[in-house]
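Enquirer: Provided herewith is a single structure, encoded as structure tokens, for subsequent inquiry.
Any read-out appearing in this document is the output of simple, stated calculations on the displayed coordinates, not a laboratory observation. What you see is a predicted model; the values in this text were computed from it and never measured. Counting neighbours? That spans all protein chains shown, and the Cβs are built from the backbone with ideal geometry, glycine included.
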Amino acid sequence: MSEHSRRHEHEHFHYSEEDVQREVTELEGKSATAARIFDLRRIIGGLFVLYGVIVTITGITDSQAEIDKAQGININLWTGIGMLLLGIFFLVWLKLRPTPPPLPPEGVPEEEHRP
């Protein structure tokens, strides 16, 4: 590709400062949404609740022979309940203290930063 054709290509993709600012604002919004969706508290809490339900059901349906293997303690039931409580703790924590939105870049007034 010659220098002239490269220069000609770049002329077709000229963006104004407003276009760039709008694109940056849109990407920041998507980034904040992704941060809230993939908050580790949500993932850990959800997994602990899911596995807690499974292990609790297993504990409820354990036979006496399986309980006797654990020296008379229904370990699946107690472990499942503990997992459920921990998962619920993480989800309540997420609800009470959500991920804060990102701060606007320095030097940009907040009115200009919001879409």
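Enquirer: Can you work out the FRET efficiency for the pair ILE54 and LYS95, with r the C-beta to C-beta distance and R0 = 22 Å, to the nearest 0.05?
Expert: Given R0 = 22 Å and the Cβ-Cβ separation, E is 0.40.
Enquirer: Order of 88-98, 51-61, 15-25 by packing, highest average Cβ count within 10 Å first?
Expert: Those peptides, ordered most packed to least, come out 51-61, 88-98, 15-25.
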